[in-house]
Amino acid sequence: MKGRKFGKPRGKTCTWTPELDEILKAAWARGGLRAARRAVRQQQPTWSRYSVKRRAAALDLCRRRAPRWTDADENHLLWSIDSNASLALIDDRLGRSLAAVRKRLRRLDYTAESLGGYKVKDVAEMFGVPPARVQYWVAEKLLLTKGGRITDSSVSKFLADHPEKIPFESLKVDMQDWLRENGYPARGSEAKGASVGNQ
């Protein structure tokens, strides 16, 4: 009789039952591989992490590895960026995560600044208001974002539609000039905006 191999069962040597599969699925939904391994080992103490992960992959619980980027994918990505499509729309078209799209753009030497728009803290400094207020305006859709940055066009629209929300007189002269150039009402309309804001 040949000697038996001892150690933790791996791969096909583990016999999975429907009950164990249900335990695996429920634990995976709660906390991924770590929770699944803990739950399965309560039933099968000798089964390895590899065995649990292999079974999770067989049950389609593991995230599938993203397909390689092709030249066509990159060309579509760059065309979409040049046509001002949002990153959310791009990742939907390409069937990839937002993180994957951002990572690919970095590899193609696209920085956040090159995508246009402003960070929340940039708008807060320009408008002379706390960042939390800008975040509130974003949440209320008064300022729109694209790729995680506030768009130039929505800043201009905000300046034109909501001048009363900006402490214009407390800003430096060069910033006041910049705001006027980008949509803030001319002198005749400023007094009107201020009176509305004080109501």
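The values are calculated or read from the model by the stated rules, or taken from the named source; none is laboratory data. Everything numeric in this text was worked out from a predicted model, so none of it was measured. When we count neighbours, we look across all protein chains shown, and the Cβ atoms used for this are built from the backbone with ideal geometry, even at glycine.
When residue 154 is tested against (1) among the hydroxyl-bearing types (Ser, Thr, Tyr); (2) under 19 Å from the mean Cα position of the chain (by Cα); (3) assigned to a helix (DSSP H, G or I), just one condition goes unmet, and that condition is (2).
Six or more apart or on different chains, Cβ atoms under 7 Å: show the pairs whose first residue is in segment 134-162 and within 12 Å of residue 123 (Cα to Cα) and free of Cβ contacts under 8 Å to residues at least 40 places away in the same chain and whose second is of a type in the set (Lys, Arg) and assigned to a loop (DSSP other than H, G, I, E, B). Note: pairs meeting the criteria are 149/119.
Of the residues making up segment 122-151, those that are under 16 Å from the mean Cα position of the chain (by Cα), under 19 Å from residue 175 (Cα atoms) and at pLDDT 90 or above number 0. A count restricted to segment 163-187 and to residues that are without any contact (Cβ under 8 Å) to a residue 24 or more places away in the chain and either in contact with a Gly (Cβ under 6 Å, 6 or more places away or on another chain) or aliphatic (A, V, I, L, M) (or both) stands at 2. Residues in segment 149-179 that are of a type in the set (S, T, N, Q) and surrounded by 18 or more Cβ atoms within 10 Å (Cβ to Cβ): 151, 154.
Scanning segment 60-79 for residues that are touching a Lys or Arg at 6+ places or on another chain (Cβ under 8 Å) and at pLDDT below 85 returns 61, 62, 66, 77. Kindly provide the set of residues from segment 157-199 that are at pLDDT below 90 and closer than 18 Å to residue 141 by Cβ, ordered by number. Correct list: 183 only.
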